[in-house]
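Here is the structure we will look at.
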Amino acid sequence: MKVLWEREIPADEIVVSPRPVWKCRSCPMYGRRPNCPPHVPDWREAREWIGHFKRALIVKFEIDMERFEEEKRGALLYLLKREEEFFKEGKMYAMALFPGSCNLCDDCPFERGEPCRMPTKVRPSIDAVGIEIGKLVKMDFSESVLYGMVLIE
């Protein structure tokens with residue numbers, strides 16, 4: 001996993017709609033991970049919530065598809081580290097948003113109906129809360145990349 005860039009944007013540029021959430025419904029992880037619908041705030045609640053932030057940091061990660069799970073896990077941990085850095089700077093409501101379903105654990109107990117092992121680390125997926133990431137970045141589907149976000153006060 002390599003960070004290609006980080007870009008700060010005004011939070012009012014974030015578009016939230018039901019479209020990404022409906023796309024989530026076709027994912028095999030739908031409802032199986034704690035950061036996926038229906039276990040996260042719906043897009044209407046997310047729209048209101050995001051409206052209380054001033055800025056957001058978008059992070060573009062390059063990943064090796066041969067090591068997808070490990071690389072994605074690195075991206076999630078990086079986002080959590082950035083969230084913590086903002087928190088330590090006094091931005092107490094900073095909140096990371098993951099690219100896709102959570103894979104912090106090699107074997108997710110939540111999928112088996114058991115409690116999540118890392119409930120304090122799991123963050124909603126960008127798509128799960130209705131953020132249209134394609135409105136914020138130019139999507140090039142030939143790239144092996146993931147996008148994460150940290151909402152900042």
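Couple of notes before you dig in:
- Taken over the stretch 95-136, the residue count meeting the criterion of being over 24 Å from GLU84 (Cα atoms), under 17 Å from the mean Cα position of the chain (by Cα) and not charged (D, E, K, R) is 1.
- So GLU66, is it free of Cβ contacts under 8 Å to residues at least 24 places away in the same chain, more than 19 Å from GLY134 (Cα to Cα) and over 13 Å from the mean Cα position of the chain (by Cα): yes
- Verdict on LEU104 being modelled with pLDDT of 95 or more, under 19 Å from GLU6 (Cα atoms) and either buried (at least 20 other Cβ atoms within 10 Å of the Cβ) or in contact with a Leu (Cβ under 8 Å, 6 or more places away or on another chain) (or both): no
- Strands (runs of 3 or more DSSP E) contained in the stretch 53-153 and holding at least 1 residues over 21 Å from CYS24 (Cβ atoms): 55-62, 145-152
- Contact map, the stretch 130-153: first residue under 19 Å from PRO37 (Cα atoms), second residue basic (Lys, Arg) and part of a strand (DSSP E or B), Cβ cut-off under 6 Å, separation 6 or more or different chains; pairs are TYR147/LYS60.
- Leading residue by the ranking (nearest to LEU97 (Cα to Cα)) among those in the stretch 1-31 that are in a loop (DSSP other than H, G, I, E, B) and modelled with pLDDT of 95 or more: ILE14
- Candidates GLY148, GLY134 - the one that is over 16 Å from GLU69 (Cβ atoms) and of a type outside the set (Phe, Trp, Tyr): GLY134
- Of the residues screened, TRP5 is one that is hydrophobic (A, V, I, L, M, F, W, C), under 16 Å from ILE133 (Cα atoms), without any contact (Cβ under 8 Å) to a residue 60 or more places away in the chain and touching a strand residue (DSSP E or B) at 6+ places or on another chain (Cβ under 6 Å).
The values are calculated or read from the model by the stated rules, or taken from the named source; none is laboratory data. Small disclaimer: the values here were computed from a predicted structure and weren't measured. Every residue, glycine among them, receives a Cβ derived from its backbone with ideal geometry; neighbour counts consider all protein chains shown.
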